[in-house]
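Here the structure is laid out as structure tokens; the discussion comes afterwards.
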Amino acid sequence: MMGADAKKIISIYDKLSTDKGPYNSHLREISEYLLAIKFLYDQYVEGGKRHSLIYDGTAIIAHRVFANGLYGNLSPQSVPWFMLSTKDKSLAENAHVKFWLADTTERMRGAINASNAPLALQQVYRSLGWAGTAVMCVEEGSRYAINCQTFSIGQCCIMEDADGVVDSVYRLEKFTARQCVQKWGDKVSAKIYKAYKDGKENDLFDIIHAVYPRNDYDWRKLGADNMPWASVYLERDTANILSESGYREFSFACPRWEKDDGETYGRSPGMDALPDGKMLNQMCYDNMRGLQKMIDPPLFAPSEAALSTTRTAPGVVIYHKSGQKPEPLQSGGRFDWALQVEDQRRQAIRDAFYNDLFLLLAQAENKQMTAYEVRQLVEEKLSILGPALGRLQTELFDPFLSRVFWIMYRAGGLLPVPQELVGAGLSIEYVGRLALAMKYQETQATGQVISFVSQLAGARPEVLDNFDVDEIAQGTAMRAGMPVKYLVAPDVRDKIREERLRRQQAEQQDAALLAAAGQLPNLSKAPEKGSLADELIRAAR
């Protein structure tokens, strides 16, 4: 087993960082003109001003609404937003499997909500909103079952495999000499140790963390240095390897909001809003200067007054010669037009961040809209947002939940897997508000068809034979977000129906006997041979 090649890792990071230059330049412009977000170590001094180039806060608020809207509608803490299922849907109806899936889902939700994962996901949504790419690491936790961290995209470089899936992360982080000694002890280089001993504990050093697929992985061998993904910490200046270990699964989730062909990093709503944001900043700057001229305009005065001591402060008396009165400059500018154009740019920025979807109810012009009308508007907006949400499920939630599952499984935090599930694949159903809203169109179409067919059934009842009503009922309930554990398994349902049918048949038989008994003549007279009464008496004997 060969050890990590420190110089090769540094060379890969330097090449990736250079290739990422145009992307970083784009992000710097968004940061400085739109959102005032620090993403590079050298961008702002700690505690320094970040809004010197921003004259309007519309983008900052719109970005916050975007991130909070995604969090509240995709992965809220208060309500379930995912549930485990099986790829073979018939297997999910097994009683033991059904219980295990529901229990495992609740255990995973509990572990996620009890950890720092919700905070990390909120940071992911913020990063997606302005940078289009986010990097979140999921590891075993010491305080909680899992530990999640979201890193600044400015310091991270990513690589894709042949299928376009991110499988490598090279991350630069600055550690003080004190932090290096605390974390790696005597593994630090002489340079860092000398700084630590000389009292320069706060001197910063560049540390590279590389996570990539291990080409010489051997599944027959055990050990932290022989796992499918390598994890290497090293000093950038000295190429000294501080630690080498690994992960059983790729520990990062790296979602992209949108992605163009031939590009590795994502595109963001912030990039779409940047032109309008820069224009709005300039307009606000110019309009404020124009407003100042309107409030305190320049004065026309005769040239002889150039050496006078005329004051224009509030309440003063201005003395002038007859016919030489100072007059204000009337520029003729239409400030109301300027404000109207400003509002147009503000609305364009809000639209870029999908605020019209997340604040649909609050911003609807018609406050008396019905629930159906609101639903129609939501569907219209989701048709635009749908592709990005699909990418989030694939690149964020799937790897994140898969990593959480395996961490808990290895730690003994889950019940033993039922024998029926051994060798079967698991799947994830997303039941957050946006996910359910996207599925609503399917259930709405089903409801419309059933409503129409019900009218036909009045004349032709056999038309209902075209539909699997049980499947429609269960599918609609699941697409509406009802937990699987609330639904009765098909085998249990069939037994309930069989028992109901048996009782109904028994009741009908009893009713028939009572009706027949009512037809019996007076028992003082023997019934005629071969009559119904005679047959009943013979049967009773």
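Computed quantities for the displayed model
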| item | result |
| --- | --- |
| Near pairs, Cβ below 9 angstrom, 6+ apart or cross-chain, from the stretch 452-463 (hydroxyl-bearing (Ser, Thr, Tyr)) to any residue that is surrounded by 10 or more Cβ atoms within 10 Å (Cβ to Cβ) | Ser454/Leu464 |
| Qualifying residue in the stretch 132-143 (condition: modelled with pLDDT under 95, part of a helix (DSSP H, G or I) and over 21 Å from the mean Cα position of the chain (by Cα)) | no |
| Pair list, Cβ < 7 Å and 6+ apart or interchain, from the stretch 1-23 residues that are outside any helix (DSSP H, G or I) to residues that are at pLDDT below 95 and surrounded by fewer than 12 Cβ atoms within 10 Å (Cβ to Cβ) | Met1/Asp216; Met2/Asp216 |
| Count of the stretch 218-268 residues which are touching a strand residue (DSSP E or B) at 6+ places or on another chain (Cβ under 8 Å) and closer than 30 Å to Phe66 by Cβ | 17 |
| Qualifying residue in the stretch 262-269 (condition: within 30 Å of Gln182 (Cβ to Cβ) and crowded, with 24+ Cβ neighbours inside 10 Å) | no |
| Verdict on Pro76 being modelled with pLDDT under 95 and out of contact with any helix residue (DSSP H, G or I) (no Cβ under 7 Å at 6 or more places or on another chain) | yes |
| Candidate set: the stretch 54-78, residues that are in a loop (DSSP other than H, G, I, E, B) and touching a residue at least 60 places away in the same chain (Cβ under 8 Å); chosen: the one nearest to the chain's Cα centre (by Cα) | Ser75 |
| Residue in the stretch 27-47 that is in contact with a strand residue (DSSP E or B) (Cβ under 7 Å, 6 or more places away or on another chain) and at pLDDT below 85 present | yes |
| Top-ranked residue of the stretch 152-181 - restricted to ones that are in contact with a strand residue (DSSP E or B) (Cβ under 7 Å, 6 or more places away or on another chain) and among the hydroxyl-bearing types (Ser, Thr, Tyr), ranked as surrounded by the most Cβ atoms within 10 Å (Cβ to Cβ) | Tyr170 |
| Any hit, the stretch 207-215, residues being more than 21 Å from Val404 (Cβ to Cβ) and charged (D, E, K, R) | yes |
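The values are calculated or read from the model by the stated rules, or taken from the named source; none is laboratory data. For clarity, every value in this text was computed on a predicted model and none was experimentally measured. Every residue, glycine as well, gets a Cβ built from its backbone with ideal geometry; the counts of neighbours run over all protein chains shown.
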